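Q: Please find one structure pasted underneath; my questions will follow.
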Amino acid sequence: MILQIKNMESDRCIAFVKNQLSKLGLSNYQVELGKVELKEELSNEDHSSLSKMLKSVGFEFLENKENRLIEKIKSAVCH
């Protein structure tokens, strides 16, 4: 399962997301700027909890194709 996350811009963002995933008891994942790849599916409850944690610091899931494309373009331009 791949989750795209808006507003991840530094190594501290990656560390924060890893910490939140660990708090949910998840251990088999890979985190990059703007993306989390999970080896297992998230339950609806875990997805909701993670979404709330991320929103509390200004991140959010990119759920639709248009928003994901916009973030990819912004990331390519900035980096």
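The values are calculated or read from the model by the stated rules, or taken from the named source; none is laboratory data. Quantities reported herein were computed from a predicted structural model and do not represent experimental measurements. FYI the Cβ positions are ideal-geometry reconstructions off the backbone, even for glycines, and counts take in every protein chain you see. Ligands, DNA and RNA are excluded from the accessible area calculation, which covers all protein heavy atoms including side chains. Shrake-Rupley method; radii C 1.70, N 1.55, O 1.52, S 1.80 Å.
Q: Calculate the length of the line joining the C-alpha centroid of segment 1-18 to that of segment 32-79, in whole Å.
A: The distance from the Cα centre of segment 1-18 to that of segment 32-79 comes to 7 Å.
Q: Lysines within cross-link reach of LYS23: Cα-Cα under 26 Å, excluding same-chain residues under 8 positions apart?
A: Answer for LYS23, where 26 Å is the Cα cut-off: LYS6, LYS35, LYS39, LYS52, LYS55, listed by chain and number.
Q: Using modelled backbone amide H atoms (1.01 Å from N, in-plane), which distant-in-sequence or interchain residues come within less than 5 Å of LEU62's amide H?
A: GLN4, ILE5, LYS6
Q: In deg cm²/dmol, rounded to 500, what helix-only [θ] at 222 nm does the chain give when every DSSP H run of at least 4 residues adds -39500 (n - 2.57) and the total is split over its residues?
A: Roughly -15500 deg cm²/dmol at 222 nm, from the helical runs in the chain.
Q: Could you point to the residue in ILE14, GLY25, LEU50 farthest towards the positive end of the chain's charge dipole, with +1 and -1 charges on the Cβ of Lys/Arg and Asp/Glu respectively?
A: Among ILE14, GLY25, LEU50, the one farthest towards the positive end of the dipole of the chain is ILE14.
Q: Show me, for segment 14-22, the HN-Hα J-couplings you get by feeding each phi into the Karplus relation (A = 6.51, B = -1.76, C = 1.60, θ = phi - 60°), rounded to Hz, glycine and proline as x.
A: Ordered by residue, 3J(HN,Hα) equals 4, 4, 4, 5, 4, 4, 5, 5, 5 Hz.
Q: How large is the accessible surface per residue of the chain, computed with a 1.4 Å probe and reported in Å² as a whole number?
A: Normalised by residue count, the accessible surface of the chain is 68 Å².
Q: Leaving out ligands, DNA and RNA, what percent of the accessible area of the chain is carbon and sulfur, probe 1.4 Å?
A: Carbon and sulfur atoms account for 47 percent of the accessible area of the chain.
Q: How would you order 52-59, 13-20 from highest to lowest mean count of nearby Cβ atoms within 10 Å?
A: 13-20, 52-59
Q: Residue by residue through segment 30-42, which ³J(HN,Hα) values in whole Hz follow from phi under the Karplus form 6.51 cos²θ - 1.76 cosθ + 1.60 (θ = phi - 60°), with glycine and proline marked x?
A: Calculated HN-Hα couplings, in order: 9, 10, 10, 4, x, 8, 10, 10, 9, 7, 10, 6, 7 Hz.
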